[in-house]
Structures are given as C-alpha cells and as structure tokens.
Amino acid sequence: MIEPLTYFWLLLKASLFSTGGLGNLPILHEDLLARGWATERHFAEALAVGQVSPGPSGLWVISLGFLTAGWLGAVLALVAISLPPLLVLAVERVYNRTGDHPAVRGFIRGLSLAVIGIFLVVLAGLMIENGLDIGTALIVLGSLALGITGRVPVVALLALGALAGIAFY
Amino acid sequence: MYTSTGSTGPASPVLEDGPEHPKQASAWLLLRVWLELGIQSFGGGTATQMLIYRAFVERRRWITPDEFTRSWAMVHLTPGINLLALTVLIGWKLRGVIGVALSLAGLLLPSVSITLLMTAIYSGVRNQPLVQAGLRGVVPATVGLGLLMSWQLARPLLAASRREGRGSLALGTLLLTGSAVASLLGTPVILLIAVAGLIAGFHGWRSTSASGDDA
C-alpha cells in the first residue's frame, strides 16, 4: 500500500537531486520499484504519455503519479515537481555574488553525465522487461532513425510504434 | 507598511518599491501571456524555450537578451525542470511573488490538464489486448527517442569538456560510462550522481587554479 507522505518525499527527493525533466527518472525508478509502488510498465506508460502531451517533458511524473496512485498521486507529483524550480531564486542570489565558478559548472556537468549514463541503463531495463526480440529491436532503430531527422513529430513516431506493436503481437 | 488616511493631507502619493519592469507587465497580462505559452507548449522544452524568448524578449521587451541568457545559465544550476525554473525567474523579475504564482499557473494549467486527461483516458483502456499490443510497440519507440535524447543531452556536455582539453574529455566519458556500469552493479543512484558531480567539480576547480599558475 502506498503511503502518501513517503511517496511525496520520494518524488520530491528525485527532483531535488537532479536537473532537467528526465533527470529524476533513475532515482524514482530505483526507489519506487524497490517498494513495489510502481512497475516497469508504469514507467514505460508514463514516459510515453509525457512525450505526447504538451508542456515540459518533466510532466511525465504527473502521469506516473496518476497511474500508480490515482488523483492523489497526480496532485502529489505536481507539487513535488513544482517546488524544486523555486530554488532558482536562491541560485540567482548566490550566482550574483560568486559568479559562474568552474567548480560549480564542473559539478553540474558531472552530475548530468552520470544521470545520462544511468538513464541508458534504465532504458535497457525497460526494453528487457517489454520483451526483447527482432520486432522491438527494429522499432527502436526505426524511431531513433526517424527521430534523428527531426522532421517526424513525436506523436506520429509513437503512433507508428503502436501500429507496429499491434501488427507484430 | 500601513497608510493612515487623512493625517498627511489630501494629495500624498503612496510610494512603493516595486520590481524594475512593472510598467507594462500587469498581473492579468502576465497570466495571459503564460497561458498562451502553456497552450502552445507542444514539442517539449527547447521549442517552448524559444516561444518564451519570443514572447518576453522580442515581442514585449520585458526582459533584455542578456538577462535571458543569464537566466538560462542559472536555470541549469537549479534542481528540477529547467523550463519551470525559467518560468519562476521571469515571473519573479516582472512581478515578484505574485508573478511567480501567475507564471507557473499559466504555463502549467493547460499542459497539466491535458497530461492528466490523456493519462485518465489511457488508464481506462490500458488492460485491453489491443492496447497492450500497441504498448509493446510504443515502449521500444520511446526507448529509441530516449537514446536520441541522451545523445542530445550528452553532446554539449562532452563538447564543452573537449574544449577544455583531452583530460576533461576523458573524465567526462569516464563519468558517463562509469556511472552506467556502477548502476548496473547496483550502486545507489543518489550516491553515484553526487560522487560524479564532486569529481567533476573538483576537476573544474583544480584546472582553474592550475591555469592561473601557468599564466
């Protein structure tokens, strides 16, 4: 059973210790799967909805909240992702005093690179959970190739994936 | 602060120290501009960032280009969603606390409602066989996009490392691959992220003091 307070803290923690809309994914993935409060499938579904829906890509967390804990989960997720960006006001104060120090830039860069590395592992986990075969491998390559061109809208890409899935399985 | 009426004569103006650009950015106009941005914000962060630039810098001139660039740098030092941090900062510059609330509400109201609506509709049909088959195809498509996104995020970081020299580039590549391997081995994510940040931060700090000595 999901405890709302702990659930909220996990959501908040993941956003507090990461940057960008998808940076919180590795931490959330670890924490929620460990407690059995979300499944790989929930993550896959939430990411897909987040890609299609408007707004910052970070809104996928709201979708995850809804899928795992209903309306309460969605509201908790909305609050949890809205709070950390407020810290920009504190950052501005410090930044105005100390300027753009290379150590700070280095810290953020190292943190971001680690998140990307872990993100790749999470993606691999999603693939394995979903069933790894020639069909799914082809879809990955296809969406990567079409994505690189930058001309196919994300919605169309995911719709093509869905059609391929219905055709294959 | 309180004003007592009648004690200081008829025509005493109430002086307030407000934000620096209050002239045209009234509360309602600010909310309207952000709502418009929220409705148009299909296509993720970069597209929306461009829309924000056009609306606040080019069209209304409430923010100067320099201010925007500085804001964008600070946004990347802030935890959480970059676009929301930018929204908070612009709202604060224009109208203080109320500006922050209105800007966030304007940007989020349309997009959050649509996200919720889509999730609710989806969760109503998620157990039908046809939807499950479709999802088996959608997941790899999302993974493909995720790979592309990882590359797009990593490229500028590695490019910046390369400009600093071969050592920085090697360190950057090592942090990227090393954290992937460490995470496979079961290292807690927060620990990994913190250590990677500290290593790169220390490297940045040391390289400046080193170049200071050389010069």
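Values quoted throughout were computed directly from the atomic coordinates according to the rules given, and no laboratory measurement underlies them. Predicted, not measured: the structure shown is a model, and the values here were computed from it. So basically every Cβ, Gly included, is an ideal-geometry build from the backbone, and we count neighbours across all protein chains shown.
Top mean-square fluctuation among A:38, A:14, A:114, Gaussian network model of chain A, C-alpha springs under 10 Å?
Of A:38, A:14, A:114, the Gaussian network model singles out A:114 as fluctuating most.
Rg and Dmax of the protein assembly as shown over Cα atoms: what are they, in angstrom?
My reading of the Cα-based Rg and Dmax gives 22.5, 85 Å.
Per-residue ellipticity at 222 nm for the protein assembly as shown, helices alone: DSSP H runs ≥ 4 residues times -39500 (n - 2.57), over residue total, nearest 500 deg cm²/dmol? Walk me through the numbers on the way to the answer.
On the way: 15 runs with 291 residues, N = 384.
My calculation for the protein assembly as shown gives -26000 deg cm²/dmol from helical runs alone.
Using the count of nearby Cβ atoms within 10 Å as a rough guide to exposure, how do B:34, B:92 rank from fewest to most? Present the calculation step by step, with values, prior to reporting the outcome.
Working: B:34 27, B:92 20.
By the 10 Å Cβ count, ascending: B:92, B:34.
Given a 10 angstrom Cα cut-off, can you work out which residue in A:150, A:70, A:23 is the most mobile in a GNM of chain A?
In the Gaussian network model the winner is A:150.
Counting only other residues whose beta carbon sits under 15 Å from that of residue A:40, what net charge do I get with K and R as +1, D and E as -1? Show your work: numbers first, answer last.
Numbers: positive: A:35, A:41, B:126, B:136; negative: A:30, A:31, A:45, A:129.
Neighbour charge sum, excluding residue A:40 itself: 0.
Using alpha-carbon positions, what is the distance between the centroids of region A:12-58 and region A:98-169, in Å?
First find each Cα centre; the distance between them is then 13 Å.
Sort A:133-143, A:157-167 by the packing proxy (mean of other Cβ within 10 Å over each peptide's residues), most packed first.
In descending order of packing, they fall as A:157-167, A:133-143.
Test of understanding: express the Cα radius of gyration of region B:86-215 as a ratio to 2.2 N^0.38 Å, with N the residue count. Walk me through the numbers before you get to the answer.
Working: Rg = 21.9 Å, N = 130, 2.2 N^0.38 = 14.0 Å.
For region B:86-215, the normalised Cα radius of gyration is 1.56.
Compute the signed sum of charges (Lys and Arg +1, Asp and Glu -1) over the other residues within less than 12 Å, Cβ to Cβ, of residue A:106.
Values: positive: A:105, A:109, B:206; negative: A:100, B:164.
That works out to +1.
Net charge near residue B:57, counting Lys/Arg +1 and Asp/Glu -1 over other residues with Cβ under 13 Å of its Cβ? Can you show the working numbers first?
Working: positive: B:54, B:59, B:60, B:61, B:70, B:93; negative: B:58, B:66, B:67.
Surrounding charge for residue B:57 is +3.
Is there a simple number for the mean count of other chain Cβ atoms within 10 Å of the Cβ of residues in B:51-63, and what is it?
Details: counts 0, 0, 0, 0, 0, 0, 0, 0, 0, 0, 0, 0, 0.
Partner-chain Cβ atoms within 10 Å, mean over residues of B:51-63: 0.
Under a 5 Å amide H to amide H cut-off, with H placed in plane at 1.01 Å, what residues pair with residue B:80 once short-range neighbours are removed?
A:18, A:19, A:20
Hey, fewest Cβ within 10 Å first, where do A:101, B:203 land in order? Working shown, then result.
Working: A:101 15, B:203 23.
Taking fewest neighbouring Cβ atoms as first place, the list is A:101, B:203.
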